[in-house]
Amino acid sequence: MVRFLIVAMLLAVSVSAAEGFYLESPPLGTRAEALELQEVAQAQGINARVVRRYEHGSGWEYLVVAEGYGDRGEAESAAKLLAEGSGQGITVYEGEGSEGRRLNARVEGWTGSSIDPGAVATAPAEDDLPSAEEVLARSVRALGGESGGAQRLQESPALRFRYSRELETPAGLVTAQHDLAWESGDLRLKIEHESGPGVHASMLVHGEEAWVLTEEGVQVRDAARSREVLADFGPLAVLDWPLSYAQQVLEDPAFRDLRVAGIEDFQGRPVYRLETSRDGTGERFSILVDVERYTVAKVGFRSDAGAVSYRFEDWRELDTGLVVPFFILLTRDGTQVEKVVVQELELLDALPGLFWSPLDSKDDPFLGDEPSLP
């Protein structure tokens, strides 16, 4: 049974504003975090509830909402109390029919999301910036927590991963479509070259055997070596930086040198700019973090060898703790090196047996019609 389907967004529960004033927490990555915040609120006498909603481009998010305040001062006092007790930024809204109007620009370092999921965050004043430690901690939570999405992928019994990739190689720019299936160590991968050097290929690793199918026919390959090669086409490799983000924040010394330099606009949204400068080596490191969602928008590395940047867009939560961008662009000195657009990353309990059938151009599930998923 599929654990997550994008169509589940149709079941999203929205926050409906009522007349009067109410409080709203920032988006939380998991229901467990939201329940913890709800417990803090209830311990302080605040009647709060947990709401789940789907944010386009980010996936499922959980909010803690407290309603029923008839007076603005009462609502702001409750927001301050909850913010101090939980370390979360709490926003006060005034209900206006089915919508809410944000009142406080900032409480304890954060302005919560708008009732309108398409609304742009209100950036805090430049003289009221959070610390780099706070921004990094919130971004780690927004991207799946300290364990990160890599662990969630490794725990899944099976998965499907479909994506397009443009990659600059010594032989020229290669554009290809990839479709990978994995289950308990067995792999099947189809690569369809759309432009540049290369050929269509379908590869299968099943148990202790492996094969590759090209226009020249089927050839036997070493299973262990094939698993090593195909690992480079899986989500753990293709999405390595975002999946290992939490680990990098915790272990890479560069992150400890970051400071919040200010707020700027990036593709129509306010972002915190975190940067560091290592005067001894000439290296520079910067991160842009979305003010409202705390997802990473861009990462830059600059040294004497040049400037490298990763741009991340369309972040989605596919399962608890698995939050990934569906668009990645890597550039060096302003020139594109690689672009990845994810079409599907789906966690499954199992794949149909047809996926492990012998390679044959006539009935290969990737070269012909795909079998139905369970």
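From GLU146, GLU155, which residue is among the acidic types (Asp, Glu) and surrounded by 13 or more Cβ atoms within 10 Å (Cβ to Cβ)?
One residue alone meets the criteria, GLU146.
Consider only pairs whose beta carbons are under 8 Å apart and that are at least six residues apart or on different chains; among these, list those whose first residue lies in segment 252-273 and is touching a residue at least 24 places away in the same chain (Cβ under 8 Å) and farther than 17 Å from LEU129 by Cα and whose second residue is acidic (Asp, Glu) and surrounded by fewer than 12 Cβ atoms within 10 Å (Cβ to Cβ).
none
Among the residues of segment 228-281, what is the count of those that are more than 21 Å from ARG311 (Cβ to Cβ) and assigned to a strand (DSSP E or B)?
Selection size over segment 228-281: 3.
Give the residues of segment 68-104 that are acidic (Asp, Glu) and either closer than 25 Å to GLY145 by Cα or modelled with pLDDT of 85 or more (or both), sorted by residue number.
ASP71, GLU74, GLU76, GLU84 - these are the residues of segment 68-104 that are acidic (Asp, Glu) and either closer than 25 Å to GLY145 by Cα or modelled with pLDDT of 85 or more (or both).
Against the definition (touching a strand residue (DSSP E or B) at 6+ places or on another chain (Cβ under 9 Å), surrounded by fewer than 17 Cβ atoms within 10 Å (Cβ to Cβ) and either of a type outside the set (S, T, N, Q) or part of a loop (DSSP other than H, G, I, E, B) (or both)), how does ARG165 come out, yes or no?
no
Can you say whether ARG221 is free of Cβ contacts under 8 Å to residues at least 24 places away in the same chain and more than 24 Å from the chain's Cα centre (by Cα), as far as the supplied structure shows?
Judged against the criteria, ARG221 is a match.
Return the residues of segment 204-220 that are among the acidic types (Asp, Glu), closer than 21 Å to GLY234 by Cβ and in a loop (DSSP other than H, G, I, E, B); say none if nothing qualifies.
Result: GLU208, single match.
On the given criteria, is SER184 among the polar types (S, T, N, Q), surrounded by fewer than 19 Cβ atoms within 10 Å (Cβ to Cβ), closer than 25 Å to LEU348 by Cβ and under 31 Å from the mean Cα position of the chain (by Cα)?
yes
Identify all residues within segment 283-330 that are farther than 23 Å from PRO253 by Cα, surrounded by 18 or more Cβ atoms within 10 Å (Cβ to Cβ) and β-branched (Val, Ile, Thr); write none if there are none.
Within segment 283-330, VAL291, VAL323, VAL324, ILE328 meet the criteria.
Pull up segment 200-219, narrow it to residues that are β-branched (Val, Ile, Thr) and under 17 Å from HIS178 (Cα atoms), then point me to the one that is surrounded by the most Cβ atoms within 10 Å (Cβ to Cβ).
VAL205
Is there any pair with a first residue in segment 14-32 that is surrounded by 14 or more Cβ atoms within 10 Å (Cβ to Cβ) and of a type in the set (Val, Ile, Thr) and a second that is at pLDDT below 75 and outside any loop (DSSP other than H, G, I, E, B) whose Cβ atoms are under 8 Å apart and which are 6 or more apart or on different chains, and what are they?
VAL15/ARG53; VAL15/GLY100
The values are calculated or read from the model by the stated rules, or taken from the named source; none is laboratory data. Here the structure is a predicted model, which is why all the values come from computation and not from measurement. Cβ: placed from backbone, ideal geometry, glycine included. Neighbour counts: every protein chain shown.
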